[in-house]
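Below is one structure, written out as structure tokens; the observations come after it.
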Amino acid sequence: MAPAVRSTSIGTRDVDYAQPMKISARNQLKGIVETVDLGVITAKVGVRVGENLIESVITRQSVEELGIQVGGDVVVVMKSTEVMLMVE
């Protein structure tokens, strides 16, 4: 007889954020949230980093749970398998 399979879901409310989070990604840029466009499931967040606007599409739930709002401070963390450049 196969053992019973159990599944557990852990939300952000279940995690202790009192300790600073450690992360392996080295591409981290501090910025200020300039735009938040909420959709039904996802949200597009624009973050001003110097003269640049970096946009990220994340879940609406993440925006709400992290308390992301225009004017708030965030850190943009970029981890990608490729980075493309184009010139005209």
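Read the figures in this text as sums done on the coordinates, not as results from a lab. Predicted model only: the values in this text are computed from it and were never measured. Every residue, glycine as well, gets a Cβ built from its backbone with ideal geometry; the counts of neighbours run over all protein chains shown.
What is the fewest-to-most order of K22, K30 by other Cβ atoms lying within 10 Å of their Cβ?
Values: K22 5, K30 11.
Ordered from fewest to most neighbouring Cβ atoms within 10 Å, K22, K30 come out as K22, K30.
Neighbour counts of other C-beta atoms within 10 Å: give me D73, D37 arranged from fewest to most. Could the numbers behind the result be given before it?
Values: D73 9, D37 12.
Ascending number of Cβ neighbours within 10 Å: D73, D37.
Given a cut-off of under 8 Å on Cα pairs at least six residues apart, what relative contact order in percent is computed for segment 26-78?
Numbers: 102 pairs, mean separation 24.4, N = 53.
Relative contact order, segment 26-78: 46 percent.
With each label point set 7 Å from Cα along the Cα-Cβ vector, what nm distance links V75 and I23?
0.7 nm
Among all the lysines, which ones have a C-alpha under 17 Å from K79's C-alpha, if same-chain residues fewer than 8 places away are not counted?
K22, K30
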